[in-house]
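Everything below concerns the one structure shown next.
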Amino acid sequence: MRIDCPHCQQKCRTRSSYRPTRELHKLYLECTSEICGWRGIAVSFFTATTTPSLTPDPLIRIPMDTASARRLIGQLAIDPVGRKLLLEQINEQFGTNAQ
Ligand SMILES: [Zn+2]
């Protein structure tokens, strides 16, 4: 993932990173422009799941993107048994009550 300097728009280089949780990354960046010289910290975290993991970790709770959930449920609309199982899995994995 390319991150540009907020000042001169040149590419930033990741000097080091820290992962305080499995859902969060803290990046120590520096601008590659020798003239600019900016350094700073950026945070990257997961905001939504678009395709559920086939090997989900029960400790990881990244909310399901609403449009993606509707798409997945729609794909199973012709299979009522599969739809019910998917809804149960989504509700269990994400703590929701989708119907
Ligand atoms: Zn810069």
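Any read-out appearing in this document is the output of simple, stated calculations on the displayed coordinates, not a laboratory observation. Given the structure is predicted, the values throughout are model-derived calculations rather than measurements. Using ideal geometry, Cβ is built from the backbone for each residue, glycine included, and neighbour counts are taken over all protein chains shown.
When only Cα pairs under 8 Å and 6 or more residues apart are kept, what is the percent relative contact order across region 48-99?
Reported relative contact order: 31 percent.
Can you sort 28, 18 from fewest to most other Cβ atoms within 10 Å of each residue's own Cβ?
Fewest to most other Cβ atoms nearby, the residues stand as 18, 28.
So, R0 is 35 Å and r is the distance between the beta-carbons of residue 83 and residue 22; what FRET efficiency does that work out to, to 0.05?
The formula returns an efficiency of 0.70 here.
Looking only at Cβ-Cβ distances, which cysteines of the chain have no other cysteine closer than 4.7 Å?
Cys with no partner Cβ under 4.7 Å: 12.
Just rank 88, 34, fewest to most, by other beta-carbon atoms within 10 angstrom.
Fewest-to-most ranking of 88, 34: 34, 88.
Please arrange 8, 31 by counting, for each residue, the other beta carbons lying within 10 Å of its beta carbon, fewest first.
8, 31
Based solely on its DSSP helices, what 222 nm [θ] is calculated for the chain when runs of n ≥ 4 H residues each add -39,500 (n - 2.57) and the sum is averaged over all residues, nearest 500 deg cm²/dmol?
-8000 deg cm²/dmol, from helical runs alone.
For the chain, what Kirkwood radius comes out of the mean inverse Cα-Cα distance, in Å?
One decimal place: 16.3 Å for the Kirkwood radius.
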